[in-house]
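Visitor: Here it is, the structure, as structure tokens.
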Amino acid sequence: MKKTGCLVLIILAVAIAGFVGWGITTYNGMVARDQAVKTAWSKVESAYQRRADLIPNLVNTVKGAADFEKSTLTAVIKARASATSIKIDPAHITPQQLRKFQQAQGALSGALSRLMVTVERYPELKANRNYLALQSQLEGTENRIKVERDRFNDSVKGFNTLIKTFPNKLLADIFGFQEKGYFQSEAGAKKAPEVKF
């Protein structure tokens with residue numbers, strides 16, 4: 001009888017140790033994935049900040065090289081101010097916050113697009129070395145933004161999958177890990193732009 005009781009205690013101790021080990025490993029995995037999402041978000045912000053930093057130089061180059069439409073430049077400056085004013089806490093990234101951030105960044109992208117279209121009417125500006133260099137840097141930055149957004153979404157997917165699968169969900173609920181939001185395509189992005197000549 002003593003051997004059976006001892007065996008039950010050993011089995012119970014091993015089961016508890018296994019459960020505690022699983023809990024520690026899973027919790028640490030959730031923390032690591034949460035940190036990966038925060039790191040990915042900081043890279044997204046950095047890419048957007050690079051674009052925002054290039055805009056004043058672009059605006060000044062355009063201003064200095066042509067008698068330019070003031071309303072176009074003002075729209076770019078206002079959109080930049082709006083886009084840089086929105087901050088998201090990486091610990092609490094929600095779909096609503098991302099939508100608001102994307103709307104402001106989308107307005108800036110639209111203002112920049114209108115600026116680039118307007119520039120087409122100024123051949124001397126299109127030939128300006130400073131303008132061409134800034135345009136090239138902006139194009140490269142747009143590519144970086146897309147890459148970092150994709151990496152962010154991959155990090156969010158890994159985190160969300162970890163905290164939503166059973167039995168991890170139980171531990172995630174206990175420690176307050178919540179689902180993170182994804183970047184999603186902007187409204188109208190599925191429709192191809194119409195090109196007319």
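Visitor: Report, to the nearest 10°, how far helix 95-119 tilts away from the longest principal axis of the Cα atoms in the chain, using its own Cα long axis and a range of 0 to 90°.
Guide: In the chain, helix 95-119 runs at an angle near 20 degrees to the longest axis.
Visitor: Count the net charge of all other residues whose Cβ sits under 12 Å from the Cβ of Thr74, scoring Lys and Arg as +1 and Asp and Glu as -1.
Guide: On the way: positive: Lys63, Lys70, Lys78, Arg80, Arg114; negative: Glu69.
Charge balance near Thr74 sits at +4.
Visitor: Another question, then. Which value results for Rg/Rh of the chain when Rg is the Cα radius of gyration and Rh the Kirkwood radius based on the inverse mean 1/r?
Guide: Numbers: Rg = 25.3 Å, Rh = 20.3 Å.
Dividing the radius of gyration by the Kirkwood radius yields 1.25.
Visitor: Using θ = phi - 60° and the Karplus relation 6.51 cos²θ - 1.76 cosθ + 1.60, list the HN-Hα couplings for region 44-54 in order, rounded to whole Hz, with x at every Gly or Pro.
Guide: 5, 4, 4, 5, 5, 5, 4, 4, 4, 5, 6
Visitor: Figure the gain on full extension for Leu132 and Phe166 (residue separation times 0.36 nm, minus the Cα-Cα span) and round it to one decimal in nm.
Guide: Working: separation 34, 0.36 × 34 = 12.24 nm, distance 5.35 nm.
Additional length available on full extension: 6.9 nm.
Visitor: Sticking with this one: If amide H atoms are built 1.01 Å from N in the plane of the peptide, which residues on other chains or at least 5 residues away come under 5 Å of the amide H of Glu179?
Guide: none
Visitor: For region 70-152, which trypsin sites (Lys or Arg not before Pro) are in a loop by DSSP, counting at most 10 other Cβ atoms within 10 Å? Walk me through the numbers on the way to the answer.
Guide: Numbers: sites: Lys70, Lys78, Arg80, Lys87, Arg99, Lys100, Arg114, Arg121, Lys126, Arg129, Arg144, Lys146, Arg149, Arg151; in loops: Lys87, Arg121.
Answer in residue order: Lys87.
Visitor: Okay, moving on. Whats the longest run of the chain with zero GluC sites (Glu not before Pro) that are DSSP loop and have at most 12 other Cβ atoms within 10 Å? Provide the component values of the computation, followed by the final result.
Guide: Values: sites that count: Glu120, Glu194.
The reported range is 1-119.
Visitor: List nothing, just return the count: lysine pairs in region 31-137, 8 or more apart or interchain, with Cα separation under 19 Å.
Guide: Close lysine pairs found across region 31-137: 11.
We did not get these values from a lab; they are worked out from the coordinates using the rules stated. The shown structure was predicted, so the numbers you read here are calculated from the model rather than taken from an experiment. As a convention, Cβ positions derive from the backbone with ideal geometry for all residues, glycine included, and neighbour counts pool all protein chains shown.
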